[in-house]
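The values are calculated or read from the model by the stated rules, or taken from the named source; none is laboratory data. Since the model is a prediction, treat every value here as computed from it, not as a measurement. Note: ideal-geometry Cβ built from the backbone for every residue, glycine included; neighbour counts use all protein chains shown. To get the accessible areas, we keep the full protein, side chains included, count just its heavy atoms, and leave off ligands, DNA and RNA. Shrake-Rupley method; radii C 1.70, N 1.55, O 1.52, S 1.80 Å.
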Amino acid sequence: MAARRAKSTTLAAFTEPIPPPEERRANGKAIRNTVPRTSQGVWEATGDRHDPIELIIESNRTRDQSLVPLRYERMLQSPFTFLRGSALVMAHDLARTPCAGIDVRLCGDAHLANFGMYASPERRMVFDLNDFDETAQGPFEWDVKRLAASIVVAGRDNGFDAIANRRTVIAAVASYCDWMDRYSAMTHLDVWYSKIDAAEIGQLLPSSMRRNAAQQLDKMTGKNHLRALEKLTTVIDGRHRIVDDPPIVAHIDDEIVLPRLEGALTQYRSTLAADRQVLFDHYRFVDFARKVVGVGSVGTRCWMTLFQGPNGGPLFLQLKEARRSAPDAALGRPAVKHEGRRVVEGQRMLQATPDVLLGWCTDEVSGIQYYVRQMWDSKGSVDVATLGPMAMGVYAAFCGWALARAHARTGDSAQITGYMGKSDRFPESIADFAEAYADQTERDHAAMVDAWQRGLLA
């Protein structure tokens with residue numbers, strides 16, 4: 001009898017009826033009575049706002065201190081690089097803004113530079129989110145607002161006027177709204193299987209942009225493991241070895257690090273599905289080096305590892321330190337059991353076709369938690385600084401589409417659509433927020449420049 005009761009309790013979640021889409025849309029629309037869409041446009045720093053410079057300094061305490069100056073250098077380059085490196089600052093700010101109460105699995109850092117192309121397991125190029133260090137559960141507006149703010153900040157850095165920047169934000173958010181509406185009318189399996197194929201994007205581009213886009217796609221497609229072997233290694237005594245390029249790429253004392261790395265890779269293997277373990281077992285370890293990546297990630301531990309297969313083909317894996325996510329920190333949540341697993345599971349939830357070799361592990365000596373992924377697997381992103389106003393608008397709209405597809409996989413697309421509606425009110429409100437927060441980002445960047453010049457960040 002006890003076993004029968006337990007089975008009944010387990011099945012309860014699967015037998016409770018799901019309200020129809022029309023009802024969930026109506027529920028979303030009703031939320032506007034308590035959280036008006038116009039309230040989404042408000043940003044004003046209050047006197048008890050977390051000091052952004054203090055947050056950045058505090059986030060450096062557990063990083064490799066020899067690399068912290070490089071992190072500052074990259075963040076100081078422009079307001080956009082500051083925004084890229086300060087996801088934690090914006091998360092704390094977003095925690096003070098109105099939310100409709102509709103949660104999704106967030107990217108957590110959905111700025112313009114965190115979208116891009118990569119090869120699916122079927123070796124087709126797709127467009128999607130490509131960074132999940134900050135992924136966590138949270139309000140869907142947070143990702144939308146970070147994307148919108150990054151558009152304005154990047155546009156200003158590129159010299160665009162206010163009208164062009166606002167037009168681009170509205171195009172991105174309108175794309176998000178339109179595609180969320182489309183996904184709300186699809187079966188959830190169809191949503192889960194959907195992806196943004198590069199060939200489809202090419203057909204949607206204005207004719208004036210197609211040639212350049214095709215060239216960029218060819219460049220990304222060629223950025224594979226064989227190309228990495230040619231670019232990143234040299235042959236010494238008949239053995240491939242990663243080329244040092246300090247401080248970006250540097251070998252570390254093998255006697256200290258190698259045993260710990262071997263233990264971590266053994267753990268990593270156990271997190272792979274059985275078929276992926278068979279794939280990984282055909283490769284043998286060759287070399288490793290420390291690798292500096294990104295802007296906000298500078299100073300966190302990151303290793304590039306080289307393996308070689310039975311027929312000479314290389315495999316490059318990246319072990320990247322996973323820390324508490326910005327949304328979790330801003331919302332005061334406790335640390336999860338394994339931050340690397342959080343990143344991997346978030347990527348699997350949000351990406352249409354995630355890396356087949358995603359996994360996680362821990363350095364048992366230091367306690368540092370890592371996630372593991374392939375490097376140079378036909379991956380690439382758009383250099384936002386090279387885009388003109390028209391290209392930026394087209395690119396931002398694709399980002400809005402990709403973000404909607406990701407959110408529709410884990411959230412209630414019908415309820416989100418019901419809240420946002422079909423008018424311009426939600427996009428216009430997000431554009432208001434983006435402009436106000438871009439002003440805030442410029443003030444924060446100026447404060448960081450001042451702190452650097454006064455020697456407070458040394």
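Quick look at the values:
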item: Hits in the range 365-379 - residues which are within 26 Å of Ala136 (Cβ to Cβ) and touching a helix residue (DSSP H, G or I) at 6+ places or on another chain (Cβ under 6 Å); result: Gln369, Tyr370, Tyr371, Val372
item: Residue count, the range 258-280 (criterion: touching a residue at least 12 places away in the same chain (Cβ under 8 Å) and of a type in the set (Asp, Glu)); result: 1
item: Hey, Gln216 in contact (Cβ under 8 Å) with a residue 24 or more places away in the chain, polar (S, T, N, Q), within 28 Å of Val344 (Cα to Cα) and in contact with a Cys (Cβ under 7 Å, 6 or more places away or on another chain) or not; result: no
item: All positions within the range 373-407 that are more than 16 Å from the chain's Cα centre (by Cα), in a helix (DSSP H, G or I) and of a type outside the set (Ser, Thr, Tyr); result: Ala385, Pro389, Met390, Ala391, Met392, Gly393, Val394, Ala397
item: Residue in the range 426-458 that is surrounded by the most Cβ atoms within 10 Å (Cβ to Cβ), counting only those that are in a helix (DSSP H, G or I) and small (Gly, Ala, Ser); result: Ala434
item: Filter pass, Asp178 being acidic (Asp, Glu), over 27 Å from Gly418 (Cα atoms) and open to solvent by 10 Å² or more (accessible area, probe 1.4 Å); result: no
item: Subset tally (residues that are of a type outside the set (S, T, N, Q) and open to solvent by less than 20 Å² (accessible area, probe 1.4 Å)) for the range 375-394; result: 6
item: Test: residue in the range 159-171 that is open to solvent by 60 Å² or more (accessible area, probe 1.4 Å), more than 23 Å from Gly313 (Cβ to Cβ) and touching a Pro at 6+ places or on another chain (Cβ under 9 Å); result: yes
item: Every residue from the range 394-438 that is touching a strand residue (DSSP E or B) at 6+ places or on another chain (Cβ under 8 Å) and among the charged types (D, E, K, R); result: Arg405, Arg409
item: Condition met for Thr97 (farther than 23 Å from Ala451 by Cβ and modelled with pLDDT of 95 or more); result: yes
item: Residues of the range 255-297 satisfying the condition of being hydroxyl-bearing (Ser, Thr, Tyr) and open to solvent by less than 70 Å² (accessible area, probe 1.4 Å); result: Tyr268, Thr271, Tyr283, Ser297
item: One residue from Thr97, Thr34 being of a type in the set (S, T, N, Q) and closer than 22 Å to Arg333 by Cβ; result: Thr97
item: In the range 328-353, the residues that are touching a Phe, Trp or Tyr at 6+ places or on another chain (Cβ under 9 Å), of a type outside the set (Val, Ile, Thr) and modelled with pLDDT under 95; result: Ala352
item: Residue list for the range 308-367, filter: in contact (Cβ under 8 Å) with a residue 24 or more places away in the chain, of a type in the set (A, V, I, L, M), open to solvent by less than 30 Å² (accessible area, probe 1.4 Å) and not in a strand (DSSP E or B); result: Ala322, Ala326, Ala329, Ala330, Val343, Val344, Leu350, Ala352, Leu357
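Each row is one residue, and each column tells you yes or no for (1) more than 25 Å from the chain's Cα centre (by Cα); (2) assigned to a loop (DSSP other than H, G, I, E, B); (3) under 16 Å from Glu321 (Cβ atoms).
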position: Thr234; (1), (2), (3): yes, no, no
position: Arg241; (1), (2), (3): yes, no, no
position: Pro247; (1), (2), (3): no, yes, no
position: Arg260; (1), (2), (3): yes, no, yes
position: Thr266; (1), (2), (3): yes, no, no
position: Arg276; (1), (2), (3): no, no, no
